[in-house]
Amino acid sequence: MKVAFCGNDNASAYDISAGVLKNVCFVDALNLVPHVFLLFITFPILFIGWGSQSSKVQIHHNTWLHFPGHNLRWILTFTLLFVHVCEIAEGIVSDANMKSRHLHLFLPAMMGFVAATTAIVYYHNIETSNFPKLLLALFVYWIMAFVTKTIKLVRYCEDGVPLSQLRFCITGIMVILYGLLMAVEINVIRVRRYVFFMNPQKVKPPEDLQDLGVRFLQPFVNLLSKATYWWMNTLIISAHKKPIDLKAIGKLPIAMRALTNYVCLKEAYEEQKEVANQPNKIPSIWLAMYRAFGRPILLSSTFRYLADLLGFAGPLCISGIVESFQNINQNDTNTTEKTSTSYLSSQDFLGNAYVLAVLLFLALILQRTFLQASYYVTIETGINLRGALLAMIYNKILRLSTSNLSMGEMTLGQINNLVAIETNQLMWFLFLCPNLWAMPIQIIMGVILLYNLLRVSALVGAAVIVLLAPIQYFIATKLAEAQKSTLDYSTERLKKTNEILKGIKLLKLYAWEHIFCTSVEETRTKELISLKTFALYTSLSIFMNAAIPIAAVLATFVTYEYQNEETLKPAQAFASLSLFHILVTPLFLLSTVVRFAVKAVISVQKLNEFLISDEIGDDSWRSAESSVTYESCKKHTGLVTINRKQPIRHQLDSYEQSPRRQPCPFEIDDIAIKVTNGYFSWGSGLATLSNINIRIPTGQMTMIVGQVGCGKSSLLLAILGEMQTLEGKVHWNNINETDPSCDATRSRNRYSVAYAAQKPWLLNATVEENIIFGSPFNKQRYKAVTDACSLQPDIDLLPFGDQTEIGERGINLSGGQRQRICVARALYQNTNIVFLDDPFSALDIHLSDHLMQEGILKFLQEDKRTLILVTHKLQYLPHADWIIAMKDGYVLREGTLKDIQTKDVELYEHWKTLMNRQDQELEKDMETDQTTLERKTLRRAMYPRESKAQLEDEGEEEEEEEDDDDNMSTVMRLRTKMPWRTCWRYLTSGGFFLLFLMIFSKLLKHSVIVAIDYWLARWTSMDNGNKTRDSLNIKHLNKSYHVAVFSLLCGAGIVLCLITSLTVEWMGLTAAKNLHHNLLNKIILGPIRFFDTTPLGLILNRFSADTNIIDQHIPPTLESLTRSTLLCLSAIGMISYATPWFLVALVPLGVAFYFIQKYFRVASKDLQELDDSTQLPLLCHFSETAEGLTTIRAFRHEARFKQHMLELTDTNNIAYLFLSAANRWLEVRTDYLGACIVLTAAVTSITYGSDSGLLGLGLLYALTITNYLNWVVRNLADLEVQMGAVKKVNSFLTMESENYEGTMDPSQVPKDWPQEGEIKIEDLCVRYENNLKPVLKHVKAYIKPGQKVGICGRTGSGKSSLSLAFFRMVDIFDGKIVIDGIDICKLPLHTLRSRLSIILQDPILFSGSIRFNLDPECKCTDDRLWEALEIAQLKNMVKSLPGGLDAVVTEGGENFSVGQRQLFCLARAFVRKSSILIMDEATASIDMATENILQKVVMTAFVDRTVVTIAHRVSQILDGDIVLVLSDGVLAECDSASNLLLKEDGLFTTLVKTNK
């Protein structure tokens, strides 16, 4: 066929006698001019690179500066490209109907397509170069194109071309588009004034764009990059070269930061508060969330609607393609006539199979783009919401009343749940939100289209779906219930596990592991039953989603066959099949959305409860907002009731410098704090402190003394505003600034307070950060403080000195070290007032004296700071300027020591007897200060410190290989490798039978599903062939045969769906059960060394996060992965079977897919790890804040902690945002690949196919591939990350357990062993691990039955190690300990430990009852327990509690004071009437009076038993029968105390002199 621009079949084609513009061909040629012009102008500019670097705005991401109308231009250009494609297609189809080739029908359109593409590329380059003058070329182009197209349109109107002709419509649309683009260009000129104006507008990039740290570009890039996530390419490809870290992902853009969103949500919530200002109304969080985040949700919903509507193009196009294919086949015999008319109606156009294939391709691409855009917008909004909620929760935590936390109304667990679970539930609900309103419309549309195809029988199928939907809903609600009960049980299990891990040392020493382990196993069994229910409903849900379409299709087609005369056509069959597939998705999602909606409602209830819970007293001097205005302050003279918790410090400063202040009356000025007529409560309404009238003198030391539990700590907290004030007032005095003596203090904040709590609280940070606590670093001051607190020797021992990370509640430090760091923090702060709550409790006498002398008397007094000190050490009373003596919650006496001596002789005498040291001796001590500094081996903290390397490496095989080989390619190979070995371990831990069953049933199920569709293809194709040939009878038989086989296959498919979904869940459960059981037993039987070197949080993580992943996440991921993979493989097989030519096109698509998944998996893994690793510090910060609330509020550091929380939240959010953007990156690419597969499948089938049934089947499967390709990669990446949990659990399973067996049989050990309590220590050598140095060397000693033995020595001399050796908690590698004739190394561990008693330094109580804490084995009578309590001085107190012995003990025994907890531990030891009692610094936390009583009790109640006391104070063991003095792990001296004191230069004598 000859080629000519206007064709060869029409002589008048080149005739211009009627006028040039009358010739249609000439008008088409004229249309080429603008396109050629644009290409000539722009190509040189693009190639020469006009937009060179020099002209670019100097910002680090040049794509960020948009011209006005940027998005509209992109949308119009894409629409223009689409219309050009239609124009080209119309031209080619029209040309095919002509007798000769007419280039003018499609060549201008092709050039127009190229020009439009060039225009947008050109525009993009000019925008990034910020050189708007070059846009003039585009402006001219739009004008020319608009004019030429208008001429063409006018030409058609004159020729009377009707509207029904497609070419007329296309030309009309193009005129409009060119006109709009012209308007956009004029707008750019108007706004930017780059031409025709004297002064062009200067543009400055927004704040975000100037910040080099912002790497998240989604809000700033152009529309195409936004839609395809093109800007993510660099990050995802770079992940292959080096792991993505926090630096690579940078900071969040301002609009997405937690603070920005918090302000929005807070304002909306405050509005709701005002609305709900009635008594019973609660402010609605839902409405507040809608106000703050409603708009993006609406945008997302719009995208979702567009995507859903475009989704229906699939079935419609399949129907059209199959129909036109049949028509072509039928019409092949009588070929159509060629015409010379070039017009085509839209109906003819859409009747072309190739046109439909291209339209289907474009519709798919658009649908997927909209869908991903919808997902992205909801996810971004969800992340913003989570950030805002976290900030709200944190602000609330900072204002929570202390009684809420201490009385157990609001536990740390609940707060952690709010942060970790509830906010995430709401975020997930927001992700799924648009589905709620998009799904009903999708269902209605689907049913209408089905009805069009199949009439009444379609309604039967729809009815099946609708009738089965309530079952789905029922399953979803049951799932939510099962999940809730699972969560409750897992929370309970975690609480128990947490208690076990915190008290593991005690449990091992008392041989109670099995009791607590059984308790956890019981809860785990309940949890597993709940998980079984959950798994059953999950598998039912999966089954329903797979079975509903099969059942619906069966019902529909069978009804159709028997109801209609004509047989089912392939076009109808496959279009309706595709529609059923579309209908199932919303129904499947409906159950999930309902489940999340239920969860979200529960979460909002919990959030509401939390947000309206009690806050700390809103007294004017301690309110959340600034209640002290400048004016009211100026009116006050003297005492001002001050806002103690005002976060905005500079307001106070500016008010402090007010020049118009009057000097204060002198008398009042001596008083820093005054409490008048104070009644304070811990929230119960009962006054804990009553009738408090005290004064705290300025710049002096006030000491508060009294017995355990008399309310000393409460008094401090009451002054700090932590308690509920029932009556009375706390006044904080001004400092008189005219007083010259105040010059030194003027730099300090007037009411600034430093506070060291009784229970040391440390941050998860370095030692230095813990001490300076946000203040500026001053080297001299820092050194003075660390010296005063004797911290330098400890710091020297830490692996990285004061840069060592401590924290996790200071788990890797001893009690004394933690306490001294907290005291150092209080001393270091440059504050006027210092509160120290029992700072000496965990320190030995030597450290106490040093702290008293250097830290308090020297450092604080020299600074003229006001000090309030709570203590039990009465020997320091003479140093006090003012003393407050307390008893049972009221003030017994107040005054100087002299006042009390004269006014209350009895009390003074009582104190005097308790003071076993005199002032002169204290002075003498100060002369021998050398000995204090001699302790270079201060507190080896029992173990050498390991750096946190253990944290980083958890025995991951791959990582080890990485260390061995630094070769880059090896590292990359490992990063891209799937952890198949771990997968295999996981699968086999579920049992081989279940594994085989799962694989077999999966393969069988997918084979049957393919068979169903194949049979349908054969059936519909055959019937079409049989139309004329067969008699009615045979046709009827044929119909019955086909229907019967179809029904059988469908039935088999439904049954197999149920079996497969059940086997996967069942296998997952078995694996989860086995892994947790092995983990718990391994951990609980692990050596004590493991718990000292492994952070508690790390172990707890295995039981919480990792177990949760294994329980609930891996089975569905595995199910989804196998299903998606098998679906894709069966689809590719089916298409290839229908048209083998498809395999040729599959090769490049396969290669593309391989690289996409390879790059994505690495980046996704990195981002997921970043998300997880940034989540942990955030959760830790929340629990840390809740634990240290009183300290943070006393220091008034709320603002700093808030800032830190916002930073942590933003860091976590940016990681999550990048992760979701990476998911979108993948999905867009796999979706586009899927669309290419559909296009190639359609084109190859139309060109080479023979059977319309197989063509329909191939297209149907090609469409399913688009849905499942990204799931294969996503699930693969998820599984890879989730297998990390299995790997971490497995790494703990390789740990060696303690040897519990022993060489003796338990039956050989006498029932009452040890009866006598005789101990022989023979040449004992002890170490903590095989590879460590010995801590005890060749110790020999003999202890007679019933002797009272004292063990003393400097800190770190091996005292505690010896006590642990009795219980074989450490490795006895040489020598032996023989108790009553039996070598303890031969005994089974459980027997040994259950026959001895020990009281530890740290008092540990477990949640439960008092009875359970004293006797978890339930072996003792009540009388025995009461006797023990009486001995421990607790009987009266326990009797007064509700429930007596069954009174509740909260987590960690928080509802008792430290001293009371220690007394309970003593009672616990007395309950176990062992003939040997070991006391390991047991009296460290109690006051002297109680301690003296205890000493007497030990002497009387244990008169016939062997008592080994590790001395905290040497004075405790002076009455002992024998004293062992240890020094550096060697037994230096061993004799009675009196004999040892005779040696003047002996170690014991030295200790007594310095330590009496």
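The values are calculated or read from the model by the stated rules, or taken from the named source; none is laboratory data. Not measured: the values here are computed from a predicted model. Here the Cβ positions follow ideal geometry from the backbone for every residue, glycine too, while neighbour counts run over all protein chains shown. Protein only, heavy atoms only, side chains kept; ligands, DNA and RNA dropped before computing areas. Shrake-Rupley method; radii C 1.70, N 1.55, O 1.52, S 1.80 Å.
For the range 485-527, a residue qualifies if it is more than 24 Å from the chain's Cα centre (by Cα), open to solvent by 20 Å² or more (accessible area, probe 1.4 Å) and of a type in the set (A, V, I, L, M), and exactly one does: Ile515. Within the range 1193-1217, being modelled with pLDDT under 90 and open to solvent by less than 10 Å² (accessible area, probe 1.4 Å) holds for Arg1193, Ala1194, Glu1198. Whether a residue is of a type outside the set (Lys, Arg), crowded, with 17+ Cβ neighbours inside 10 Å, in contact with a Phe, Trp or Tyr (Cβ under 8 Å, 6 or more places away or on another chain) and over 30 Å from Asp1371 (Cβ atoms) was assessed, and Ile1135 passes this test.
Checked against the criterion of being open to solvent by less than 70 Å² (accessible area, probe 1.4 Å), in contact with a Pro (Cβ under 9 Å, 6 or more places away or on another chain), in a helix (DSSP H, G or I) and not small (Gly, Ala, Ser), the candidates Val1286, Val1326 yield just one match: Val1286. The residue that is modelled with the highest pLDDT, among those in the range 187-200 that are assigned to a loop (DSSP other than H, G, I, E, B) and open to solvent by 80 Å² or more (accessible area, probe 1.4 Å), is Arg193. State whether the residues of the range 1372-1380 include one that is part of a loop (DSSP other than H, G, I, E, B) and either on the phi > 0 side of the Ramachandran plot or touching a residue at least 24 places away in the same chain (Cβ under 8 Å) (or both). Taking every residue of the range 1372-1380 in turn, at least one turns out to be part of a loop (DSSP other than H, G, I, E, B) and either on the phi > 0 side of the Ramachandran plot or touching a residue at least 24 places away in the same chain (Cβ under 8 Å) (or both). I'd like to know if the range 123-145 contains one or more residues that are under 28 Å from Pro44 (Cβ atoms), free of Cβ contacts under 8 Å to residues at least 24 places away in the same chain and either part of a helix (DSSP H, G or I) or in contact with a strand residue (DSSP E or B) (Cβ under 7 Å, 6 or more places away or on another chain) (or both). No, there is no match, as no residue in the range 123-145 is under 28 Å from Pro44 (Cβ atoms), free of Cβ contacts under 8 Å to residues at least 24 places away in the same chain and either part of a helix (DSSP H, G or I) or in contact with a strand residue (DSSP E or B) (Cβ under 7 Å, 6 or more places away or on another chain) (or both).
Output the residues belonging to the range 893-907 that are part of a strand (DSSP E or B) and among the charged types (D, E, K, R).
Listed by number, the residues that qualify are Arg893, Glu894.
Only one entry of Val1448, Val1471 meets the criterion of being out of contact with any Lys or Arg (no Cβ under 8 Å at 6 or more places or on another chain) and either open to solvent by 10 Å² or more (accessible area, probe 1.4 Å) or not basic (Lys, Arg) (or both), and that entry is Val1448. Considering every residue within the range 466-484, establish whether at least one is within 30 Å of Asn545 (Cβ to Cβ), surrounded by fewer than 17 Cβ atoms within 10 Å (Cβ to Cβ) and within 25 Å of the chain's Cα centre (by Cα). Yes, the conditions are met somewhere in the range 466-484. Filtering the range 856-876 to residues that are more than 18 Å from Ala756 (Cα to Cα) and either without any contact (Cβ under 8 Å) to a residue 40 or more places away in the chain or open to solvent by less than 20 Å² (accessible area, probe 1.4 Å) (or both) leaves Glu862, Leu874, Gln875, Tyr876. Give me the residue from the range 281-329 that is surrounded by 18 or more Cβ atoms within 10 Å (Cβ to Cβ) and of a type in the set (Phe, Trp, Tyr) and, out of that set, farthest from Leu385 (Cα to Cα). Per the stated criteria, the residue is Phe325. Residue count for the range 1146-1170, restricted to those that are open to solvent by less than 30 Å² (accessible area, probe 1.4 Å) and of a type outside the set (Phe, Trp, Tyr): 10.
Determine which member of the set Leu252, Leu223 is within 26 Å of Thr369 (Cβ to Cβ) and open to solvent by less than 30 Å² (accessible area, probe 1.4 Å).
After ruling out the rest, the residue left standing is Leu252.
In the range 204-220, the residue that is farthest from the chain's Cα centre (by Cα) out of those that are surrounded by 14 or more Cβ atoms within 10 Å (Cβ to Cβ) and more than 18 Å from Glu380 (Cβ to Cβ) is Pro205. Against the list (1) among the charged types (D, E, K, R); (2) in contact (Cβ under 8 Å) with a residue 40 or more places away in the chain; (3) assigned to a loop (DSSP other than H, G, I, E, B), the condition Asp1312 fails is (2). Criterion applied to Pro799, Pro793, Pro740, Pro776 was being of a type outside the set (Ser, Thr, Tyr) and modelled with pLDDT of 85 or more, and the one residue passing it is Pro776.
Only residues that are closer than 30 Å to Asp1251 by Cβ, in contact with a Ser or Thr (Cβ under 9 Å, 6 or more places away or on another chain) and of a type in the set (A, V, I, L, M) were counted across the range 1116-1166, and they come to 9. Given the structure, is Val184 at pLDDT 85 or above and either aliphatic (A, V, I, L, M) or not in a helix (DSSP H, G or I) (or both)? For Val184, the condition - at pLDDT 85 or above and either aliphatic (A, V, I, L, M) or not in a helix (DSSP H, G or I) (or both) - is met.
Candidates Val1523, Val1514: the one that is of a type in the set (A, V, I, L, M, F, W, C), in contact with a Phe, Trp or Tyr (Cβ under 9 Å, 6 or more places away or on another chain), within 15 Å of Tyr1342 (Cβ to Cβ) and surrounded by 16 or more Cβ atoms within 10 Å (Cβ to Cβ) is Val1523. Of the residues making up the range 1266-1280, those that are crowded, with 22+ Cβ neighbours inside 10 Å and under 21 Å from Tyr1137 (Cα atoms) number 2. On the basis of being farther than 24 Å from Asn1267 by Cα, in a loop (DSSP other than H, G, I, E, B) and at pLDDT below 95, does Glu422 make the cut? So Glu422 does not fit the description; no. For the range 677-695, enumerate the residues that are modelled with pLDDT of 85 or more and either touching a Pro at 6+ places or on another chain (Cβ under 7 Å) or farther than 22 Å from Glu894 by Cα (or both). Once the filter is applied, which keeps residues that are modelled with pLDDT of 85 or more and either touching a Pro at 6+ places or on another chain (Cβ under 7 Å) or farther than 22 Å from Glu894 by Cα (or both), the range 677-695 yields nothing. Can you spot a residue in the range 498-516 that is in contact with a strand residue (DSSP E or B) (Cβ under 6 Å, 6 or more places away or on another chain), of a type outside the set (Phe, Trp, Tyr), at pLDDT below 90 and part of a helix (DSSP H, G or I)? Within the range 498-516, one or more residues are in contact with a strand residue (DSSP E or B) (Cβ under 6 Å, 6 or more places away or on another chain), of a type outside the set (Phe, Trp, Tyr), at pLDDT below 90 and part of a helix (DSSP H, G or I).
Listed here are the residues, each with its yes/no results for (1) modelled with pLDDT under 85; (2) within 23 Å of Tyr828 (Cα to Cα).
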position	(1), (2)
Leu847	yes, yes
Ile868	no, yes
Leu874	yes, no
Leu892	no, no
Gly895	no, no
Ile900	yes, no
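Residue count for the range 902-914, restricted to those that are open to solvent by less than 90 Å² (accessible area, probe 1.4 Å) and closer than 16 Å to Tyr876 by Cβ: 3. Would you confirm whether any residue within the range 939-950 is assigned to a helix (DSSP H, G or I) and at pLDDT below 85? Yes: one or more hits.
Quick grid of which residues meet (1) closer than 28 Å to Asp488 by Cβ; (2) open to solvent by 20 Å² or more (accessible area, probe 1.4 Å):
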| residue | (1), (2) |
| --- | --- |
| Thr1060 | no, no |
| Leu1075 | yes, no |
| Leu1127 | no, yes |
| Phe1142 | no, no |
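Residue selection: Leu1179 fails the criterion of being touching a residue at least 40 places away in the same chain (Cβ under 8 Å) and farther than 30 Å from Leu716 by Cβ.
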